[in-house]
Amino acid sequence: MAKNQNQMQNPQNAVNQAMNLNHGAHEVLDSHELIGCVIGVLEQYQLYNQHIQDQELKGILQRQSSFLTQTYNTIVESFQTGQDPQVPTQQYKMQQSNEVTYGLKASQPKKPKQSVNELTDECYSSFMLGQTKAASSTFTMAAAEMNNPVLRRIVADSVPNLIEMSYELFLYQNKNGYYQVPQLNQQDMTTMLQAYTKAPQQGMH
């Protein structure tokens, strides 16, 4: 009876015990940061979607947005319950070719746009790339210090997906000439490639 009265006086204690939560304060703050990061990406994507002209880029945005929405729901569920979510972490699969175009081509010097009307698909794809790269860094830093093993696994498993999204956007930009990839001359490249040699393998005990 005393136990029941205690639970009635402290209903939150009963809820916490039922959920079997074991979050540390640092983990909770990091979780809020990364969840807010995903919300920010999704909201920004909604804004970009109204203005993107290229259907290929619009398709990338919609696929990534749909995937990130499920990632968000999976993280929130695990964060609130401390348990395995109903929908586990999925694997994002980009649709871009891995082929990269190397070299530089002369183009008009860039400067900040002076109005929203001047923004182009190059701008929007660049914004998207910046946000997915920032999200991958946020998730990586948080996963390194998570306490709850379920939430840590979900966050850690989401990092490759965010990297894949960033890579997809890089490839899109490169294909369209927005992200050029310079190379060293042949002599410098060879010198850099030959700057290292393998170390003798140490015995493991």
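Each reported figure results from applying straightforward, stated rules to the coordinates on display, with no laboratory input. What you see is a predicted model, and the numbers here were worked out from it, not measured in a lab. All Cβ positions, even for glycine, are placed from backbone atoms using ideal geometry, and neighbour counts span all protein chains on display.
Inside the stretch 47-65, can you point out the residues that are part of a helix (DSSP H, G or I), farther than 15 Å from ASN176 by Cα, in contact (Cβ under 8 Å) with a residue 60 or more places away in the chain and not aliphatic (A, V, I, L, M)? Within the stretch 47-65, TYR48, GLN64 qualify.
Looking for whichever is under 30 Å from HIS23 (Cβ atoms) and touching a Leu at 6+ places or on another chain (Cβ under 6 Å) here; the options are THR81, THR132. Which one fits?
The unique qualifying residue is THR132.
Within the stretch 66-98, the residues that satisfy the criterion of being farther than 29 Å from VAL116 by Cβ and without any contact (Cβ under 8 Å) to a residue 12 or more places away in the chain are GLU77, GLN86. The set of residues from the stretch 165-205 being out of contact with any helix residue (DSSP H, G or I) (no Cβ under 9 Å at 6 or more places or on another chain) and of a type in the set (Asp, Glu) comprises just one member, ASP188.
On the stretch given as the stretch 173-205, residues that are surrounded by fewer than 10 Cβ atoms within 10 Å (Cβ to Cβ) and either within 30 Å of the chain's Cα centre (by Cα) or farther than 30 Å from ALA106 by Cα (or both) total 13. Only one of the numbered conditions (1) exposed (fewer than 13 other Cβ atoms within 10 Å of the Cβ); (2) at positive phi is violated by GLY82, and that is (1).
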